[in-house]
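Structure, as structure tokens:
The values are calculated or read from the model by the stated rules, or taken from the named source; none is laboratory data. It should be emphasised that the depicted structure is a prediction, and the values quoted were computed from it without experimental measurement. Methodologically, a virtual Cβ is constructed for each residue, glycine included, from the backbone with ideal geometry; neighbour enumeration extends over all protein chains shown. Accessible surface areas use protein heavy atoms only, side chains included; no ligands, DNA or RNA. Shrake-Rupley method; radii C 1.70, N 1.55, O 1.52, S 1.80 Å.
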Amino acid sequence: MPEAFGLLAEFETPEALVEAARETRAKGYRNLDAFTPFPVPELYSVLRLRDDRVLWLGLFGGIFGFAVALGMQLFTNFDYPINVGGRPLYALSAFAVVAFELTVLFAALFPAIGMLALNGLPRLHHPIFSARAFARASRDRFFLCVLADDEQFDARETERFLRTLGSASVELVRS
């Protein structure tokens, strides 16, 4: 029998979902996820979805791109010194265009690739897709999932608790 991924509770309104997420968080559950047909901003603070890692990847990508551009041009001028009209060999102003372009390129690529990696993508199948009621998550239902790797997760006790929150259904999702 496959291992449990988590328990999925279905709610009819976004308000009910937010309240259920608050109560679940207050009960001590920490590893939660929610699925909604449209953004519900109140969930961000409840689920603690604030993650700045992608922003930092943009900064480090820009710094890396600048360093690569500068290093590449300095190495090229060191390895192939050509004196053109008595100009300085290492004129940093001449390196500005390439440095700017690589800074922008890497500042865009690092967060894009990092976001995919941090989200675990590409992932062709997610265990939550096998839940019977989950097809309505993109239309008119709101779902709260307590993941099985939560410290307090106990299939029976957690299911009993989710039913007390006014959920329309609670379903065990297998990995």
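Structure summary
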{"item": "The one condition in (1) open to solvent by 50 Å² or more (accessible area, probe 1.4 Å); (2) in contact with a Cys (Cβ under 9 Å, 6 or more places away or on another chain); (3) aliphatic (A, V, I, L, M) that MET72 fails to fulfil", "result": "(2)"}
{"item": "Subset of region 20-46 that is buried (at least 18 other Cβ atoms within 10 Å of the Cβ) and without any contact (Cβ under 8 Å) to a residue 60 or more places away in the chain - its residue that is nearest to ALA135 (Cα to Cα)", "result": "LEU43"}
{"item": "Scope region 134-175; condition aromatic (Phe, Trp, Tyr) and either exposed (fewer than 14 other Cβ atoms within 10 Å of the Cβ) or more than 21 Å from the chain's Cα centre (by Cα) (or both); matching residues", "result": "PHE153, PHE161"}
{"item": "Tally of residues being part of a helix (DSSP H, G or I), at pLDDT 90 or above and hydroxyl-bearing (Ser, Thr, Tyr) across region 33-76", "result": "1"}
{"item": "So LEU49, is it of a type in the set (A, V, I, L, M) and in contact (Cβ under 8 Å) with a residue 60 or more places away in the chain", "result": "no"}
{"item": "Within region 141-162, considering residues that are out of contact with any Phe, Trp or Tyr (no Cβ under 8 Å at 6 or more places or on another chain) and touching a residue at least 24 places away in the same chain (Cβ under 8 Å), the one nearest to ARG30 (Cα to Cα)", "result": "GLU151"}
